[in-house]
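Chemist: Please read through the structure below; I'll follow up with questions.
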Amino acid sequence: MRPTPPARPVFIKKRACTWRVNLSHLKRNYAPAECRRNRIEMNATQAKTKAELPKGFTVRGAALNDVEPALTLFNTWSRSVIGQDEITDVDAIRNEWVSPGFDPAQDIRLVFSPEGQMVGYIEAWTTAKPPVHPWIWGRVHPNYNGLGIGTWLLNWAEERVCKALDELPADLRFAPRVGIFRQSEASKKLFEDMGFQYIRSSYDMQIELDETPLAPQWSGEITLKTCDPEKDMRAVYLAQRESFRDHFGYVEEPLEEGFERFKHFLTGEAFDPSLWFLAMDGDEIAGISLCRLQSYSDPNLGYVNILGVRRAWRKRGVGLALLRHSFGELYERGKRKVGLGVDASNLTGALRLYEKAGMHVHQAFDLYEKTIRSGREISVESLSE
């Protein structure tokens, strides 16, 4: 899945979030009052970023038949930046576009050249509740850089996410976030020119499995089972929810809304409950490892989508045992590489755990945010919270 804030499991966004007025142009008069005030108060540097699309270029919202052209655009961009495709699973994109609370006609903008080629894309996500950190993600075709397309799209997305201000108490801080591959200097410059500031990094980590992985070592009271979707789904979600309460950026959301999005994102086309591993202490879930047979970007790479251990079972080797078990199962199914994503400054020591298991950094992503309204921060920033 496309990079999401390190704070969020992929299903929140998007990715997540996760980290999405049926008008081709969102008119400023329709933006919430707080957002309009922010526009009025823009400093001179930000004011210079206002842009118009080049003559002959058109813009509209997305429909499901745009998924494959969008995938082509994403990978054309990523090959120019990181030398490889960033997503090969077209069903993952389609699943995002039909996720609860997201409307591609409203929450995506596509830019087309005069010849009809899709050359720009952006999505604006406010589905995570409360939406204090909306997620913005976009791409511009490398042959069309420098024409103001990225600036126009980011301006649109910023105004679009400002609709979420109407949902929030007036004292809460509101700061949209964006994430980029570290190699993308053009994206970094655009974000900084638009008033976004770097706050954190995350890593895509991998391990090469040249031989049978080390067997897991379980403490005496812990047993392992695979997920039974008919019986375990809600308990798995609650275990994930508790595990991520100590994750930077975590925001407690309404239980039922979160559960519906969890099921949508993690039980789509690639769902395989035999790769959902539950570490059990009696009848209680101590930890989870929810895997995919292939990653979103590489069909030859197995992927640990979510790895989490509940507070009461930490420091007992549960996380390492789950990880090694996951490596072993994916190896048995023919995978010789396994990947996962992690916050580079993870509050619970996950990065050290993955390094101990033999993983290394494959790609780095940088997270930026822009404070549109100052106020009380309700997302997790330290373990004391």
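No value in this document is a laboratory result; all are computed from the given coordinates. The model shown is predicted, which means the values in this text are computed figures rather than measured ones. Every residue, glycine among them, receives a Cβ derived from its backbone with ideal geometry; neighbour counts consider all protein chains shown.
Chemist: Give, as ranges by residue number, the residues of region 251-285 whose backbone N falls under 16 Å from the point 7 Å along Cα→Cβ of Glu230.
Modeler: Under cut-off, by backbone N: 273-274.
Chemist: Ok, one more. Quick one: plug the Kirkwood hydrodynamic radius of region 205-258 (C-alpha pairs) into Stokes-Einstein at 10 °C, 1.306 mPa s, and report D in µm²/s. Don't skip to the end; give the middle numbers.
Modeler: Working: Rh = 14.8 Å.
The Stokes-Einstein estimate is 107 µm²/s.
Chemist: With a 10 Å Cβ neighbour count serving as the proxy for reagent exposure, in which order, fewest first, do Phe327, Phe191 appear?
Modeler: Phe191, Phe327
Chemist: Please pull out the direction-averaged projected area of the chain, using the convex hull of its alpha-carbon atoms, in nm² to one decimal place.
Modeler: 18.3 nm²
Chemist: If you restrict to DSSP beta bridges whose two residues both lie in region 205-364, what percentage is antiparallel, to the nearest 5?
Modeler: In region 205-364, DSSP labels about 90 percent of beta bridges as antiparallel.
Chemist: Please label the shape of region 205-364 as rounded, prolate or oblate, based on the square roots a ≥ b ≥ c of the eigenvalues of the alpha-carbon gyration tensor (a/c under 1.5 means rounded; beyond that, a/b larger than b/c means prolate, else oblate).
Modeler: It comes out rounded by the Cα gyration axes.
Chemist: Grab the beta carbon distance between Arg79 and Thr371, set R0 = 41 Å, and tell me the FRET efficiency rounded to 0.05.
Modeler: The formula returns an efficiency of 0.75 here.
Chemist: Run the numbers for Thr223 and Lys356: contour at 0.36 nm per residue of separation, minus the present Cα-Cα distance, in nm.
Modeler: Working: separation 133, 0.36 × 133 = 47.88 nm, distance 2.21 nm.
Extra length from Thr223 to Lys356 when fully extended: 45.7 nm.
Chemist: Contour minus end-to-end for Ser382 and Leu238, with contour as 0.36 nm per residue of separation and end-to-end as the Cα-Cα distance?
Modeler: On the way: separation 144, 0.36 × 144 = 51.84 nm, distance 2.11 nm.
That works out to 49.7 nm of additional length.
Chemist: What translational diffusion coefficient, in µm²/s and rounded to a whole number, does the Stokes-Einstein relation yield for region 28-202 at 37 °C and a viscosity of 0.692 mPa s, taking the hydrodynamic radius as the Kirkwood radius over Cα pairs?
Modeler: Reported coefficient: 194 µm²/s.
Chemist: Please find the FRET efficiency linking Ser345 to Gln183, where r is the Cβ-Cβ separation and R0 is fixed at 25 Å, and quote it to the nearest 0.05.
Modeler: Numbers: r = 20 Å, r/R0 = 0.80.
Once the sixth-power term is evaluated, E becomes 0.80.
Chemist: Step through the table entries Lys129/Lys315; Lys163/Lys370; Lys335/Lys356; Lys263/Lys337; Lys129/Lys225, compare each Cα-Cα distance with 24 Å, and write down the pairs that go over it.
Modeler: Lys129/Lys315; Lys263/Lys337; Lys129/Lys225
Chemist: Separate question: Can you tell me what share of the DSSP beta bridges in the chain is antiparallel? A percent to the nearest 5 is fine.
Modeler: On the way: 53 of 59 bridges.
Expressed as a percentage, antiparallel bridges in the chain total about 90.
Chemist: Now for a separate question. What size of dipole, in debye to the nearest 20, comes out for region 170-257 about its Cα centre when the only charges are +1 on Lys and Arg C-beta atoms and -1 on Asp and Glu C-beta atoms?
Modeler: 360 debye
Chemist: Continuing with the same structure: Report the FRET efficiency, 1/(1 + (r/R0)^6), for Arg336 and Asp166, where r is their Cβ-Cβ distance and R0 is 51 Å, rounded to 0.05.
Modeler: 0.55
Chemist: So, one more: So how far, in whole Å, is the C-alpha centre of region 191-261 from the one of region 104-124?
Modeler: 31 Å
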